[in-house]
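Here is the structure we will look at, set down as structure tokens.
What follows is calculated from the coordinates using simple rules that are stated; it is not laboratory data. Keep in mind that what you see is a predicted model, and the values were worked out from it rather than measured. Ideal geometry is used to build each Cβ from the backbone, glycine not excepted, and the neighbour counts take in all protein chains shown.
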Amino acid sequence: MFDNLTQKLTQTFKNLRGQGRLSEENISEALREVRLALLEADVALPVVKDFIGRVKTKAMGEEVTRSLTPGQVFIKIVHDELVHLMGDHNDRLDLSARPPAVILLAGLQGSGKTTTSAKLALWLQEKEKKRVLLVSTDVYRPAAMEQLAHLGRDIGVDVYPTRANEQPVDIARRALEEARRRNDDVLIVDTAGRLHIDSEMMAEAQDLARAVNPVELLFVVDAMTGQDAVNTAKAFDAALPLTGVILTKTDGDARGGAALSVRAVTGKPIKFLGVGEKVRKGLEPFHPERMASRILGMGDIVSLVEQVQQEVDEDQARRMADKLRKGKGFDLEDFREQLRQLDRMGGMASLMDKLPGMGELPAEVQGQLQDNKQFRRLEAIINSMTAEERRHPDIIKASRRRRIALGSGTNVPEVNRLLKQFEQMQKMLRKMGKGKGGLSRLLGMNPKAMMKGGLPFR
């Protein structure tokens with residue numbers, strides 16, 4: 001998300017940093033570029049006008065014109081205004097009601113409500129340690145009920161059984177009674193959607209809200225619909241007492257206009273971002289400050305470290321560090337595990353989004369790094385090797401390479417390229433593994449220490 005906007009803003013600020021001092025002329029020129037970048041990102045026009053006006057007022061002040069680093073001060077102003085635009089701070093779910101707290105999800109058909117219901121249930125179960133019950137009230141699309149039941153089984157969350165010949169309000173009321181009987185902490189209600197807004201859908205959502213009195217009524221919207229997402233959010237906000245928004249499919253939206261417009265247009269906070277189709281690890285709490293840093297190409301190291309803490313096995317990292325310290329080489333078994341960990345963390349695209357300066361890389365290079373299919377091909381090649389070959393890659397000669405290529409559905413040049421890259425990586429790791437502050441220290445340290453003292457190679 002925000003790929004195009006980040007590239008354009010990065011170039012604008014690079015030009016601005018080259019100025020010895022800022023004048024009304026070069027500030028106006030920079031703001032014109034920022035305005036165009038926001039409009040191309042599909043941000044709503046009234047939102048863009050208000051944003052540019054606030055930045056201009058602050059940028060023309062003495063703080064900027066008298067500063068020794070005016071370009072940096074200007075960037076900070078843009079950053080702070082982006083944070084304000086998106087809501088200033090992370091709005092947590094309000095689950096302070098007497099259990100079970102009811103969360104009702106509303107939105108158009110195809111916005112991802114059913115998958116998001118399961119993602120939210122898993123997030124509450126793992127992060128908040130809540131006991132959750134799921135229920136679908138979409139009687140018009142039996143497949144939605146079956147989908148939720150399947151997802152519930154997959155993530156280990158109970159789903160209240162329903163039938164398509166029942167009334168949505170009756171289903172919701174019985175599910176609430178069941179949640180009370182089971183002493184559940186949270187009941188998540190997945191509602192029906194339509195291909196477009198109509199009075200019947202709104203009336204049903206209003207009836208459901210009155211029947212179960214949700215503490216959180218969340219509007220689920222597809223970020224890829226751009227301006228339509230904002231217009232739909234306005235319509236739902238007018239009809240329902242929304243408490244927040246969940247933006248889905250954000251990994252497929254290179255513009256990001258919806259994220260920058262929804263809060264300003266509806267006044268309702270974005271609470272979560274949906275990333276990818278995978279239920280596990282597919283939901284992120286929305287932090288305006290972190291997102292503003294990503295937009296401006298500064299990365300999001302805090303979220304990256306949190307991700308590492310969640311996904312990286314500390315014991316395995318320490319074993320790897322010991323292996324390097326003792327001079328035992330990094331083999332293809334280790335390399336395969338690193339690829340799998342990368343996949344669990346959302347692939348290179350997820351990591352690149354959080355690393356500073358990645359927006360300055362050429363689009364072609366970014367595309368190559370974000371190609372998760374390439375990582376899967378590498379893993380397929382390693383999987384086609386024997387255990388002995390993975391531990392001792394030097395024994396892999398011509399005949400073995402042909403067999404590995406055939407078994408992995410690749411070709412010999414790809415196998416050769418993998419082995420060459422691996423050999424270079426081994427040499428680099430041997431150098432980094434020696435002495436204090438090398439890779440062995442990085443792999444062996446507690447991830448929490450990264451938050452306190454920074455990375456060892458900083």
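A few points about this structure:
- Between 117, 231, 155, the Cα set farthest toward the positive side of the dipole of segment 101-286 (charges on each charged residue's Cβ, about the Cα centre) is that of 155.
- In plain terms, if you count all Cα to Cα distances in segment 101-286 and split them into 5 Å steps from zero, the share in each step is 1, 9, 19, 23, 22, 16, 9, 2, 0, 0 percent.
- Pairs of lysine residues in segment 37-171 that meet both criteria, 8 or more places apart or on different chains and Cα atoms under 18 Å apart, total 6.
- Net charge contributed by nearby residues that have their C-beta within less than 13 Å of residue 178 (K/R +1, D/E -1): +2
- Once the Cβ-Cβ distance of residue 45 and residue 109 is raised to the sixth power relative to R0 = 22 Å, the FRET efficiency obtained is 0.20.
- Note on segment 101-286: dipole from Cβ charges, positive end direction compared against 259, 275, 286; the farthest Cα belongs to 286.
- For residue 218, net neighbour charge (Lys/Arg +1, Asp/Glu -1) across residues whose Cβ lies under 10 Å away: +2
- Compared with the direct C-alpha span, the chain from residue 403 to residue 337 gains 21.5 nm at full extension, assuming 0.36 nm per residue.
- Calculated FRET efficiency, residue 417 to residue 14, Cβ-Cβ distance, R0 = 22 Å: about 0.05 to the nearest 0.05.
- Arranged from fewest to most other beta-carbon atoms within 10 Å of their beta carbon, 395, 75 become 395, 75.
- For residue 270, the residues whose amide H sits under 5 Å from its own are 245, ignoring neighbours fewer than 5 places away on the same chain, with H placed 1.01 Å from N.
- Spin-label model distance (nm) - residue 128 vs residue 380, 7 Å beyond Cα toward Cβ: 4.1 nm
- Burial ordering of 296, 45, fewest other beta-carbon atoms within 10 Å first: 45, 296
- Under 20 Å from the residue 164 label point (7 Å along Cα→beta-carbon), backbone N, segment 109-148: 109-115, 135-148
- Order of 79, 287, 392 under a 10 Å beta carbon neighbour criterion, fewest first: 392, 79, 287
- Its relative contact order, with pairs defined as Cα atoms under 8 Å and 6+ residues apart, puts segment 101-286 at 27 percent.
- Sites residue 391 and residue 182 - FRET efficiency at Förster radius 30 Å, r taken between beta-carbons, to 0.05: 0.05
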